[in-house]
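Heads up, the thing below is written out as structure tokens.
The values are calculated or read from the model by the stated rules, or taken from the named source; none is laboratory data. These figures come from a predicted structure and were not determined experimentally. FYI the Cβ positions are ideal-geometry reconstructions off the backbone, even for glycines, and counts take in every protein chain you see.
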Amino acid sequence: MSKKLQKISTLLCVAATISVGSAQGAELNFASWGGAYQNAIRESWLKPFSKETGIKVNEDTEPQVAKIRAMIDTQTVAWDVVTENGARLAKGVKLGVFEKITPDMVNQDHVIPGARHDYGVPSEIFSTLVGYSLKEFPNGKLQPKTFADFWNVEKFPGKRTMQDEPSTVIEAALIADGVAPTDVYKVLATPAGVDRAMKQIEKIKPYVAVWWKNGAEPVNALASGEVVMALGWNGRFQAGIDSKIPIKMSWDNVVNQVGYFALVKGAPNRDSGIKFLNYMIQPKAQAEFSKYIAYGPTTEKAIALIDEARIERLPSTPERLKAALFLDSEFWEQNGATLTERYNQVRAR
Amino acid sequence: MSTAVPLMPAPTAVMRARRHSRNKMAVLAALPLIVFLLLFFIGPIASFLREAFYADDQLSLANFQHLVNTPIYRIVLVNTLTIAAAVTVACVVISYPLAYLMATVGPRVAQILFFAVLLPFWSSALVRTTAWIALLGKNGPLNALLTTVGVVDEPIAFLYNFTGVMIGMTHVLMPFVVLPLYAAFRGMDGALTQAAQSLGARSLSIFRHVVLPLTSPGVVAGAIIVFMNAVGYYITPSLMGGPAQRMVAELISDNITKELNWGLAAALASVLLLAVILSLWLFNRLFGLDKLISGTSDKGSTAVSAQRTPGGRLSVVAGICAAVFLILPIIVVVPMSFGTSEFPIFPPPEYGLRWYTNFLEDSKWVNALWSSLKVGLIVTVFATVLGTTAALGVEKMSSRRKTWLDAFFIVPMSVPAILTGVALFYLTAPWGAVSNSVAVVIGHTVLAAPYVYITIRAALRSLDTNLELAALGLGASWPTMFRLVMLPALLPSLIGGAVFAFVTSFDDVVMALFLTTVRNRTLPKLMYEGIAHDFDPTVISASCILIAATALILLGRLAFGNKKVSTK
């Protein structure tokens, strides 16, 4: 009996030491969206960061802003650094779930100006562009290149797929209608501009076979022949091309989006989080990321560190950046709800 | 049983006292589920729905005004009710021949059919839809077959429209009608159809005058489950339908997770709840819920005759078609799981074990499977106990109370899980219940208990109370009576209810997203991570492993349980 007790007490002691030990060692709780994206983050940043600093990284998924808000409300914040797109970041800022990132915390002077944000460190740039089936539009023949081509169903017949959410689609619709990329948000700020965009959606609607909901769908639909043309993300098209699916994409018109890493308010390991943000934004680390997924660095200093073959696959080359329109997350935070309602309404009929 | 109990007419006072104590027992039996739902459903949901009446922290009707003034919400509400009603009708119509077939074939074939019915449950909603999309696509196998045979010239657009939604939702929800209907067919006296037949009744008239009245309790229970469930559905319609088939639950979910407009989400949910209650009321008025379910006495099951009427033969063909419809996606999923491509191409250009290796090598999949099984089993026990006792209690109550409690127990089914999930997070996160799976068990029990309740309620309604009274009158104690009389009669429904409870837990993604962490996440949550933002083919292999496991259990039962079945 006493032996048993002794055993138990030893066990308890061991357990206590282990738990204290792990509490003392620095940790970082990181949450992203799973899949190939999070794999790339793990290989290029999380693993080397952990090795360099000795900080243990715990990964989680689905950092929905709604859940972060619920965690803060119930004082059960479990995450330190989360990854969000521009729209979710802006939403989170409005709800006060992210901490402001000052230059003292993370120096972002070298970051591409269009990508900077007060509440997030830009992690990568990805483009929405036209991808198409090489079976339908083979090399050497007429191929769709611009958003106007995407909307031109006489010149390029066949079914299309576009995103079920309005951001990037509305921008593309206006550019297809002849609006200069630099003027898109000026036009959208007026009711007439919104009507014009909605008319474009109405026009293309009968030719859209699939309104896609996740980034893998455009390539799946092109591969299965369900559609011949897609508005989708460059990284996904690239993954399809790399798996020998007969598709191609055109960089002539792009809407760029920036991915952000944000610090959750009340993060349990705030210091580790800030350390990680500083690590991830170094040009060297930025250059590393595109080895694993075809998304571009957020600092031009990283370009020099990437070989030419790889740079061809990325949205961040100087000339591509020059022609690109960056998604205005502030605009979408202000008008997203109303535009989504209109967008859904136009397509529901 | 040797001591004869004097069967004297009891004095009225004793009768009244007995009725009184029975009433008390009835309330006591229903109480656990009532309290459970009040604590973990009504309470949290009410505090969430309150947000509908606030805008900018002030009491206001702005959210409802917005719903009225923006046409999309009316369109979506009409869509939701239309789709839910159409799916309910489709499920009932397709289930009849299948359940009839299951009840009239030998036990071996019946078990194989059971397998077909339960199969859709074992592959997550996301995998099922992936399979349907591969199968029904413009250049998919089905269209290839139809155009080659020459049935159609142009490929049919099955997907991203109303047809797609109907196929996807009917496929998932049909088992909820088939199982109670099967129980009803088993309970039906085969001699009745034989008698009707020998008296010259034709198939259609046998169906109308014999089969329909005798099976209606099971059908009504199943139909209610399907309708209530369909109203709150969204993953399948969202992936297999187009913008014209958008349903309310999707907008509620978007407003909670994307827009973070919880006031609008709550307003939409209130409208949805109101519509559901109105539909129930209308259903009651039109079909007379009570009249339909009025207890038809169960004379025990005599095997239905081998002699089939022409209508019966037609039903068999239809039943086989229904079974094929249920298995169809699996025919696609199995070869797809052995592909090596990172894209769901059918048929796969190359075969290999790449994704199976991935499943077994990465401990997260096995951990998630284990966690899902654990949660599922605990939920099944809780839901079955809560649901069954509540059904037993309600059965003994006055009809006024019955109606109220029925509605109270049924309505939670149609509340989109995301709402309950968020509300429960607020309640349970401060206790640390999210990281130790208590929260997800509570959430799933809220989802699952109503299924058990409805199934058992329907079974009790068609149970002959005279048997019960006779046993009690002959001196059997209540537990003995329950064990010897009620339990055997209820067993098929009890198993059906437990299966519903288990699969409800096992298939849930939405609640798990909120109520688990990376350490105790369930398999569907992990599958969702692999498929929602990306496409990880490991998910398909995972589903196939589940299907294979089910098949093994079935084979085991066929091998070992054969004697038991045949002596029955």
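Quick notes on this one:
- Residue among B:GLY242, B:GLY263 that alone is modelled with pLDDT of 90 or more and within 25 Å of the chain's Cα centre (by Cα): B:GLY242
- Those residues of the stretch A:41-75 which are within 14 Å of another protein chain (Cβ to nearest Cβ), of a type in the set (S, T, N, Q) and surrounded by fewer than 18 Cβ atoms within 10 Å (Cβ to Cβ), in sequence order: A:ASN58, A:THR74, A:GLN75
- Exactly one residue out of A:GLN108, A:GLN163, A:GLN200 is touching a residue at least 12 places away in the same chain (Cβ under 8 Å) and in the same structural domain as A:GLN38 (by TED's automatic domain parsing): that is A:GLN108.
- Test: residue in the stretch A:251-260 that is away from chain B (no Cβ under 14 Å) and farther than 28 Å from A:LYS145 by Cβ: yes
- So B:PHE185, is it surrounded by 24 or more Cβ atoms within 10 Å (Cβ to Cβ) and either within 24 Å of B:PRO488 (Cβ to Cβ) or over 27 Å from the mean Cα position of the chain (by Cα) (or both): no
- Filter pass, B:LEU239 being in a helix (DSSP H, G or I) and within 14 Å of chain A (Cβ to nearest Cβ): yes
- Scanning the stretch A:234-246 for residues that are among the hydrophobic types (A, V, I, L, M, F, W, C), more than 9 Å from chain B (Cβ to nearest Cβ) and surrounded by fewer than 24 Cβ atoms within 10 Å (Cβ to Cβ) turns up just one, A:ILE241.
- The single residue among B:ARG457, B:ARG461 that is more than 14 Å from chain A (Cβ to nearest Cβ), surrounded by 24 or more Cβ atoms within 10 Å (Cβ to Cβ), among the charged types (D, E, K, R) and over 30 Å from B:ALA267 (Cβ atoms) turns out to be B:ARG457.
- Each residue in the stretch B:242-255 was checked for being assigned to a helix (DSSP H, G or I) and touching a Leu at 6+ places or on another chain (Cβ under 9 Å), and 6 pass.
- Test: A:VAL93 is more than 10 Å from every other protein chain (Cβ to nearest Cβ) and either within 19 Å of A:GLY336 (Cβ to Cβ) or among the small types (Gly, Ala, Ser) (or both): yes
- Condition check for B:ILE156: within 14 Å of another protein chain (Cβ to nearest Cβ), assigned to a loop (DSSP other than H, G, I, E, B) and touching a helix residue (DSSP H, G or I) at 6+ places or on another chain (Cβ under 7 Å): yes
- Within the stretch A:90-102, the set of residues being aliphatic (A, V, I, L, M), surrounded by fewer than 24 Cβ atoms within 10 Å (Cβ to Cβ) and either in contact with a strand residue (DSSP E or B) (Cβ under 7 Å, 6 or more places away or on another chain) or on the phi > 0 side of the Ramachandran plot (or both) comprises A:ILE101 only.
- Qualifying residue in the stretch B:228-235 (condition: part of a helix (DSSP H, G or I) and among the hydroxyl-bearing types (Ser, Thr, Tyr)): no
- Long-range neighbours under 6 Å by Cβ, at least six apart or interchain, first residue within 7 Å of chain B (Cβ to nearest Cβ) within the stretch A:208-233, second of a type in the set (Phe, Trp, Tyr) and outside any strand (DSSP E or B): A:VAL210/B:TYR160; A:ALA216/B:PHE535; A:ASN220/B:PHE343; A:ALA223/B:PHE343
- Of the set (1) of a type outside the set (D, E, K, R); (2) surrounded by 19 or more Cβ atoms within 10 Å (Cβ to Cβ); (3) under 20 Å from B:PHE48 (Cβ atoms), all apply to B:SER493 but (3).
- Against the list (1) more than 26 Å from B:VAL539 (Cα to Cα); (2) more than 14 Å from every other protein chain (Cβ to nearest Cβ); (3) part of a helix (DSSP H, G or I); (4) out of contact with any Phe, Trp or Tyr (no Cβ under 9 Å at 6 or more places or on another chain), the condition B:ALA103 fails is (4).
- B:ARG128 falls short on exactly one of the conditions (1) farther than 19 Å from B:LEU239 by Cα; (2) outside any loop (DSSP other than H, G, I, E, B); (3) of a type in the set (D, E, K, R), and that condition is (1).
- Just one of (1) within 14 Å of chain A (Cβ to nearest Cβ); (2) in contact with a His (Cβ under 6 Å, 6 or more places away or on another chain) fails for B:THR80. It is (2).
- Any hit, the stretch A:298-321, residues being within 14 Å of chain B (Cβ to nearest Cβ) and either under 30 Å from A:VAL210 (Cβ atoms) or under 20 Å from the mean Cα position of the chain (by Cα) (or both): no
- Residue match in the stretch B:183-196 (condition: closer than 24 Å to B:LEU314 by Cβ and without any contact (Cβ under 8 Å) to a residue 12 or more places away in the chain): yes
- For the residues B:PHE535, B:PHE500, B:PHE506, the requirement of being at pLDDT below 85, among the hydrophobic types (A, V, I, L, M, F, W, C) and under 21 Å from the mean Cα position of the chain (by Cα) singles out B:PHE500.
- All positions within the stretch B:498-529 that are surrounded by fewer than 24 Cβ atoms within 10 Å (Cβ to Cβ), within 14 Å of chain A (Cβ to nearest Cβ) and in contact with a Leu (Cβ under 8 Å, 6 or more places away or on another chain): B:VAL509
- Within the stretch A:53-62, tally of residues that are modelled with pLDDT under 95 and not in a strand (DSSP E or B): 1
- Among the residues of the stretch B:309-354, those identified as farther than 23 Å from B:VAL172 by Cβ, within 12 Å of chain A (Cβ to nearest Cβ) and of a type in the set (A, V, I, L, M, F, W, C) are B:PHE343, B:ILE345.
- Residue match in the stretch A:60-74 (condition: under 19 Å from the mean Cα position of the chain (by Cα) and farther than 19 Å from B:ASN255 by Cβ): yes
- No other residue among B:LEU490, B:LEU472, B:LEU467, B:LEU424 is part of a helix (DSSP H, G or I) and within 14 Å of another protein chain (Cβ to nearest Cβ) apart from B:LEU424.
- Boolean, B:VAL165 is in a helix (DSSP H, G or I), touching a residue at least 24 places away in the same chain (Cβ under 8 Å), out of contact with any Pro (no Cβ under 9 Å at 6 or more places or on another chain) and surrounded by 19 or more Cβ atoms within 10 Å (Cβ to Cβ): no
- Among the residues here, A:GLU99 qualifies as at pLDDT 95 or above and either basic (Lys, Arg) or farther than 26 Å from A:LYS213 by Cβ (or both).
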